[in-house]
């Protein structure tokens, strides 16, 4: 739900003036769905004007019924507004603002009563505000701020995030694949199919993917020594083993980036969509080091070509680091360590092809500061808290 705050109190000088002149002020809010895709939170001023009361559906008898401002009034107002606007939530705010001045030397408590009504479960949430220093303060601002804090506490609206991010945080898929699920009409929020990539949700919303409810789960982080001939994906249409099959967990996780079917080495898997998005974003320049077994003898000049950048599909690769580890002249083979900061499809293999050497074997041995120390192919381990924090710092 995209929250748009339309605050008619901000510029309503007449209402504020009446409040500061010891006149009772009523306030009402309505929360309504717009085009089924977003919510609008409206703060509207309600004074003694019948025009306002009729417009917002606040019954005359509701106001006349009580001579003292109280939660009874704000509750009546909140339910009336919810019913009138056909909204899940209604918010009633009522109270008396009194000025401290020569005409009112003693002053009184400036009490505001706020009630949030949830029609879905017929529940009331009450909040009593005591407005301080009422002489010249911006009363409306204080009331609005405090009410929003209560709304945040009850509804969690201001911890909202884009739907695709929420899905990735739930371990459904990476953020990009989650976007495709949304575009394909496979995601419902509160019973409505959502196709807008700008749509926002909170943990209080009911989210379904392919009619299965999804919720956020504990964050998991794994480092896998991927063997060759394992698919780097969550699922494989041909029924082949994937990297997910190697991790003993019931939680939904997904790989960070990918390694080719015939490539082995270090691979991260997680259900942390936020971190995955940052690590795979092209702007972050995450260093990835590969151990390459190449056909032929790689020369110093060719290493320099790799470092300066190779034209692939009309675009030059970013600068890299290349180090010749050893050569096997008898078998006409070279062993090279190459560190790149991009993640183009088959990039390492294509770079070596461009300098005239076919990659015979490829293994990723390092990702950022992580390596395969004390690990054998097919093994995995959980990242430590320190490593997780370092990864987040790495992509700041």
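Every number in this text was worked out from the coordinates using simple rules, so none of it is lab data. What you see is a predicted model; the values in this text were computed from it and never measured. Because the Cβ atoms are built from the backbone with ideal geometry, glycine has one as well, and the counts that use them run over all protein chains shown.
Overview of values
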| quantity | calculated |
| --- | --- |
| Relative contact order of region 161-213, defined on C-alpha pairs under 8 angstrom at six or more residues apart (%) | 35 percent |
| Value of Rg to Rh for region 221-394 (Rh from inverse mean 1/r over Cα pairs, i.e. Kirkwood) | 0.97 |
| Full-extension gain in nm, residue 346 to residue 385, via 0.36 nm per residue minus C-alpha separation | 10.8 nm |
| Exposure proxy order (Cβ contacts within 10 Å, fewest to most) of 320, 202, 78 | 202, 320, 78 |
| Highest average packing first - 353-359, 160-166, 193-199, 370-376, Cβ atoms within 10 Å | 160-166, 353-359, 193-199, 370-376 |
| Cβ crowding within 10 Å averaged over residues, with 306-314, 241-249 ranked highest first | 241-249, 306-314 |
| Column: log10 I(q)/I(0), Debye, Cα scatterers of region 161-213, q = 0.14, 0.15, 0.21 Å⁻¹ | -0.26, -0.30, -0.61 |
